[in-house]
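> I am attaching a structure below and will ask some questions about it afterwards.
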Amino acid sequence: MDIRDILVLVLMAGGVFFFAIGTLGLWRFPDVFSRAHASTKCDTLGCGLILLGLVLRMGISRASLELALIIGFIWITNATAAHLIGKAAYRNDYPMTPGTFKWNFQDKGE
Amino acid sequence: MTEFMLLVTIALVVLVFICLGRAVIGPTAVDRLLAINIIGTKTVAIITIISYVFGEQFFLDVALVYALISFLMTVTVAKYLDTGKLS
């Protein structure tokens with residue numbers, strides 16, 4: 001068991017850790033917007049670390065190039081999807097946790 | 001190393017079922033959409049790990065197409081929840 005195997009093990013364990021953190025946040029947070037915050041961490045760090053560990057395991061080959069393509073695609077699209085979900089929730093007045101207020105952009109420009 | 005990767009796969013499947021609980025009980029539609037989005041990402045990770053364990057090269061193409069379809073589903077449902085129509 002050389003240094004590369006240990007690095008792969010640490011990376012994939014970190015990926016599972018971030019997936020578990022995202023799932024815990026999805027269960028414990030009080031409203032839609034904070035749940036979207038937790039789920040974005042889950043997408044970016046969890047899937048990124050697991051696929052990075054697989055890239056390190058496979059070395060330089062066609063499969064690792066394809067894995068890097070999947071990482072880049074997921075990093076772009078999941079941020080976009082979370083932004084669209086948050087916009088849909090904000091525009092349709094989804095309930096927020098008590099104590100939050102919506103900023104009124106029309107009154108700001110004096 | 002193969003046993004560790006199978007252990008990671010089992011942990012991810014357990015987390016998928018926990019997310020499915022949020023998708024079932026979620027109070028609003030956006031909660032369900034978030035849960036299904038996370039399930040799609042976890043499925044991509046599971047497919048790539050299975051591709052390494054079994055040594056099958058073409059599962060990576062399956063994972064890429066799955067990520068594409070998951071993104072398309074999320075964008076479509078978010079647009080429907082936002083504006084109320086799809087065109």
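Read-outs: derived from the displayed coordinates by stated rules, not from any lab. In this text the structure is predicted, and so the values were computed from the model without any measurement. Here the Cβ positions follow ideal geometry from the backbone for every residue, glycine too, while neighbour counts run over all protein chains shown.
> Take A:Thr77, A:Thr40 and order them by how many other Cβ atoms sit within 10 Å, fewest up front.
The fewest-first ordering by Cβ neighbours comes to A:Thr77, A:Thr40.
> Rounded to two decimals, what is the ratio between the C-alpha radius of gyration of region A:6-56 and 2.2 N^0.38 Å?
On the way: Rg = 11.9 Å, N = 51, 2.2 N^0.38 = 9.8 Å.
It is 1.22.
> Now for a separate question. Please find, in a Gaussian network model of chain B (springs between Cα atoms separated by less than 10 Å), the residue of B:Ile46, B:Ile25, B:Ile69 whose mean-square fluctuation is greatest.
The residue that fluctuates most here is B:Ile25.
> When the distances between all Cα atoms of the protein assembly as shown are binned every 5 Å from zero, what whole-number percent does each bin get?
Binned Cα distances yield the sequence 1, 8, 16, 19, 18, 13, 10, 7, 4, 3, 1, 1, 0, 0.
> What is the projected area of the convex hull of the Cα atoms of chain A, averaged over all directions, in nm²? Each step should come with its number before you reach the end.
On the way: hull surface 39.6 nm².
Projected over every direction and averaged, the Cα hull of chain A covers 9.9 nm².
> Using a/c under 1.5 as the rounded threshold, could you call region B:2-83 rounded, prolate or oblate? The axes a ≥ b ≥ c are square roots of the C-alpha gyration tensor eigenvalues, and prolate needs a/b larger than b/c, oblate otherwise.
On the way: a/c = 5.60, a/b = 1.60, b/c = 3.51.
Oblate, because a/c is 1.5 or more while a/b does not exceed b/c.
> So what is the 222 nm mean residue ellipticity for chain A from helices alone, if each DSSP H run of at least 4 adds -39500 (n - 2.57) and you divide by all residues, rounding to the nearest 500 deg cm²/dmol?
Working: 4 runs with 77 residues, N = 110.
The per-residue figure over chain A is -24000 deg cm²/dmol.
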